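Colleague: The structure is given below, and queries will be raised subsequently.
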Amino acid sequence: MDLDANAMKKLVAEEAVNRYVKDGMTVGLGTGSTAKFMIERIGQLVAEGYDLTCTATSVQSEELAKSLGVKVVDLDEVGTLDITIDGADEVDPGMQLIKGLGGALLREKIVAAATEKEIIVADQSKLVDKLGMRTPLPVEVLRFGHKHTKFALEQQGCKAELRMKNGEPFVTDGGNYIYDCKFEAIEKPFFLESRLDVIPGVVENGLFLNTAYDVLIAKSDGTVESMSDALIKKRSDVLNVIN
Ligand code: 5RP
């Protein structure tokens, strides 16, 4: 089997729903082309009679879910979400992530913080040795004084580009701009996050650190690997050698 990118996205999104979503749960719906397949599978479960209460990380995901008959409520109408399934742009070996190329990082981070188990779905092309190697780091900023914010972002060692759409700055669901910040590689993501968080004008950054409960990776051979299972196995193999 040699799956293309779209087939891998569908495979991993459906596997995540089948593995983690149970009747009666509250579910966070991610955003992006992989999350779209997840929402479609959730729609099938609802059609089969599952009672799911969902909250969406973007207007786009909310509209898709509602069109499939899925109950979508405001985040503040639910307490803790049992599960959220979302995509990612980069995944490092320790399940640290870059998200936000789809422009929904702010709501995605708020929803992730309200979630017990954040499940990430990605295909093998998203795996990197170090964050920032492949994609820029999206940073959502206030429109007010954004060129000053850009200057402060570049002080952190990146080239920051204002995201554009149809010749105009891209505007997020929160009404903000995004700067895509290209680093060579992010050597110290926790340190970088602490620097970004104190820049006036930065609303949120696309580093999702210690957020994922599990990352499911689709491979072109048609298999799906759980990074969490693999890490647990690695640990127990080490303990077996020590004992
Ligand atoms: C949106 C995101 C997406 O999850 C991320 O961009 C992955 O998208 P895709 O599944 O289309 O590759 O963070 O803000």
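Read-outs: derived from the displayed coordinates by stated rules, not from any lab. Just so it is clear, the model here is predicted, and its values are computed rather than measured. Virtual Cβ from ideal backbone geometry, glycine too; neighbours counted across all protein chains shown.
Colleague: Report, ordered by chain and residue number, the lysines lying within cross-link reach of residue 233, taken as a straight Cα distance under 28 Å and ignoring same-chain residues fewer than 8 apart.
Modeller: Hits, sequence-local ones excluded: 9, 10, 22, 99, 117, 126, 130, 188, 219.
Colleague: Please report, for the Cα atoms of region 1-100, the Rg to one decimal and the Dmax as a whole number; what are they, in angstrom?
Modeller: 13.4, 44
Colleague: What chymotrypsin sites (Phe, Trp or Tyr not before Pro) does region 105-204 have in DSSP loop regions with at most 13 other beta carbons within 10 Å?
Modeller: 144
Colleague: Sort 158-168, 40-50 by the packing proxy (mean of other Cβ within 10 Å over each peptide's residues), most packed first.
Modeller: Packing order, densest peptide first, comes out as 40-50, 158-168.
Colleague: Counting C-alpha atoms alone, how compact is the chain: give Rg to one decimal and Dmax as a whole number, in angstrom.
Modeller: 18.2, 62
Colleague: Then there is this: List the Cys residues of the chain that have no partner Cys with a C-beta closer than 4.7 Å.
Modeller: 54
Colleague: Compute, for region 137-203, the length of the dipole vector about the Cα centre, with Cβ point charges of +1 (Lys, Arg) and -1 (Asp, Glu) only. Units Debye, rounded to 20.
Modeller: Taking the Cα centre of region 137-203 as origin, the dipole is about 180 debye.
Colleague: Could you state the principal axis extents of the C-alpha atoms in region 137-203, from the largest down, to the nearest angstrom?
Modeller: Projected onto its principal axes, the Cα set of region 137-203 covers 33, 22, 20 Å.
Colleague: Oh, and also: Normalised by the number of residues in the chain, what is the relative contact order in percent for Cα pairs under 8 Å and 6+ residues apart?
Modeller: 22 percent
Colleague: Here is a further query. Magnitude of the Cβ-charge dipole of the chain, K/R +1 and D/E -1, about the Cα centre, nearest 20 debye?
Modeller: My answer is approximately 540 debye.
Colleague: Using a 10 angstrom cutoff on alpha carbons, build the Gaussian network for the chain and name the most mobile of 117, 233, 182.
Modeller: Looking only at 117, 233, 182, the largest GNM fluctuation is found for 233.
Colleague: Let me ask something else. I want to verify a result. In a Gaussian network model of the chain, Cα cutoff 10 Å, which of these has the top mean-square fluctuation: 104, 13, 113?
Modeller: 113
Colleague: When the chain is modelled as a GNM with alpha-carbon springs shorter than 10 Å, which of 16, 185, 56 fluctuates the most?
Modeller: Looking only at 16, 185, 56, the largest GNM fluctuation is found for 185.
Colleague: For a protection proxy built on the mean count of beta-carbon atoms within 10 angstrom, sort 200-208, 235-243, 223-231 highest first, please.
Modeller: Put in order of decreasing packing, that is 200-208, 223-231, 235-243.
Colleague: From Cα pairs below 8 angstrom and at least 6 apart in sequence, can you work out the relative contact order of region 137-203, rounded to a whole percent?
Modeller: About 47 percent, as a whole number.
Colleague: Right, next: So which trypsin sites (Lys or Arg not before Pro) in region 1-31 are both in a DSSP loop and have at most 13 other Cβ atoms within 10 Å of their Cβ?
Modeller: 22
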